[in-house]
Amino acid sequence: MGMKNDCPPAGILDVYTIICYNVNMQQKRAYKYRFYPTDEQKQVLARTFGCARFVYNWALRQKTDAFYQDKQRLSYKDLSESLTLLKQQHTYRWLSEVSSVPLQQALRHLEKAFLHFFEGRAKYPTFKKKRHRQSATYTSNAFKWDGASLILAKMTEPLDMVWSRPLPDGATPSSVTITKDCADRYFVSLLVEEDIKRLEPVEQSVGADLGVKEFVILSTGETVGNPKFFQKDEKKLAKAQRRHERSKKGSKNRIKARKKVARIHARIADRRRDFLHQLSTRLIRENQTICVESLQVKNMVKNHCLAKAISDVGWSEFVSQLEYKAEWYGRNLVKIDKWYPSPKRCFDCGHLLETLSLDVRSWTCPECGVIHDRDLNAARNIHAVGLTVFEACGEAVRPGRAKVRSGKLR
Ligand SMILES: [Zn+2]
């Protein structure tokens, strides 16, 4: 539930979001496992991925056309009805060869993508491509689960899953999502409801900012860099990419080279995710309130520097991890919008610089003479502003999952 709020002005802060969770509740949590499909399962999945992708792209086209041509907004229900009609046409009979559930779910995913777009959290949805990651979601009416094995619709055998961690006792998945990544690895993600034990409240709070050189800088002065193996991986990736570019188009070597690039990409993504999970879990454990800058999509689009763009992607993933972990463990997260001038404001006296270019690592405040490390000063400002906002508005936040948004606070 979002609510307008008239908090006292907090300096030049314009927009903020507080996420405050203080009620014990069941949470949905996804458990992801690798699995090795049989040839038959591979074929069923390939067809299902293809049909789900087709439906997603078809619906995206319908929605876009309806909007531009007729200024109409098609709902999930509208699209679901036209999908039923589409499947009855002779030309599209092949859509009925796969389970209908993942096709309906593709419409749901599109609906969600549009919701994120309208909330300003994502770009306009784009067409899904065959070469990219493939996925299909099955709800409980399209799979059989007996507590130990999983059989999907249109399949006869259970999936051969690698149980890398146990499911909670008695957990029954409400939906399962199958993905195939670009390195041709298959994963199944089981969504289950469970009671997550909340952490004991602590006094400590922290501000965190995306560093220019390091990944993150905390208001305590601690920096956490990207692990060294990222650089090594990136070198390997560059080498594999060069080999791919040099290989002859249409040749077997080219396909091999492309798979190699995909495998390295997948490994980098896995390692990055692990790194972010470790960091977000630690911050959640150690602090009651965490203040961060949220990353506005428009800033991401403007960014031309590749390295920065990559760490930006990491940052938005990091913030979303903090968000759901705050919810799980009963912590507070205050998100400050990116354009709050946290690097340019002197933490000690509040003096505001007119400009501060990205390459300036430290600066001296013309007002009070304090020498600032650029990133640390920013993290401290984020911490201070976050706490101010939280103390002023936090009590107005209702128990449970509550977000407070405010337009202008000038
Ligand atoms: Zn100053």
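The values are calculated or read from the model by the stated rules, or taken from the named source; none is laboratory data. Remember, it's a predicted structure, so these values are computed and weren't measured experimentally. All Cβ positions, glycine included, derive from the backbone under ideal geometry; neighbour counts span all protein chains shown.
Observations
This table checks each residue for (1) crowded, with 16+ Cβ neighbours inside 10 Å; (2) under 30 Å from V389 (Cβ atoms).
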site	(1), (2)
F127	no, no
S135	yes, no
R165	no, no
P168	no, no
T172	no, no
S189	yes, no
G207	yes, yes
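- Single residue of segment 191-205 satisfying the filter (surrounded by 14 or more Cβ atoms within 10 Å (Cβ to Cβ) and of a type in the set (V, I, T)) that is modelled with the lowest pLDDT: I196
- Entry remark, segment 353-381: residues being within 15 Å of the ligand (Cβ to nearest atom), surrounded by 13 or more Cβ atoms within 10 Å (Cβ to Cβ) and outside any loop (DSSP other than H, G, I, E, B) number 9 in total.
- Tally of residues being within 30 Å of I264 (Cβ to Cβ), β-branched (V, I, T) and in contact with a Ser or Thr (Cβ under 8 Å, 6 or more places away or on another chain) across segment 149-199: 5
- Once segment 113-125 is narrowed to residues that are under 14 Å from N57 (Cα atoms) and not hydrophobic (A, V, I, L, M, F, W, C), the residue that is surrounded by the most Cβ atoms within 10 Å (Cβ to Cβ) is P125.
- Selected residue [surrounded by 14 or more Cβ atoms within 10 Å (Cβ to Cβ) and assigned to a loop (DSSP other than H, G, I, E, B)] from L79, L95, L74, L103: L74
- Condition met for V389 (of a type in the set (V, I, T), over 17 Å from I290 (Cβ atoms) and either in a loop (DSSP other than H, G, I, E, B) or away from the ligand (no atom under 16 Å from the Cβ) (or both)): no
- Among the residues of segment 327-353, those that are within 17 Å of I371 (Cα to Cα) and either at pLDDT 90 or above or in contact with a Pro (Cβ under 9 Å, 6 or more places away or on another chain) (or both) comprise R345, C346, F347, D348, C349, G350, H351, L352, L353.
- Among the residues of segment 339-352, the one identified as loosely packed, with under 15 Cβ neighbours inside 10 Å and away from the ligand (no atom under 16 Å from the Cβ) is W339.
- Every condition in (1) more than 10 Å from the ligand (Cβ to nearest atom); (2) outside any strand (DSSP E or B) holds for I336 except the one numbered (2).
- The single condition among (1) at pLDDT 85 or above; (2) away from the ligand (no atom under 16 Å from the Cβ); (3) under 30 Å from P201 (Cβ atoms) that R398 does not meet is (1).
Residue by residue, here is whether (1) assigned to a loop (DSSP other than H, G, I, E, B); (2) of a type in the set (S, T, Y); (3) over 21 Å from V360 (Cα atoms) holds:
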| residue | (1), (2), (3) |
| --- | --- |
| E194 | no, no, yes |
| K197 | yes, no, yes |
| E203 | yes, no, yes |
| I217 | no, no, no |
| G221 | yes, no, no |
| Q231 | no, no, yes |
| K235 | no, no, yes |
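- Residues (at pLDDT below 60, assigned to a loop (DSSP other than H, G, I, E, B) and buried (at least 17 other Cβ atoms within 10 Å of the Cβ)) located in segment 16-65: Y21
- Residue under evaluation R273, criteria (1) touching a helix residue (DSSP H, G or I) at 6+ places or on another chain (Cβ under 6 Å); (2) part of a helix (DSSP H, G or I), criterion not met: (1)
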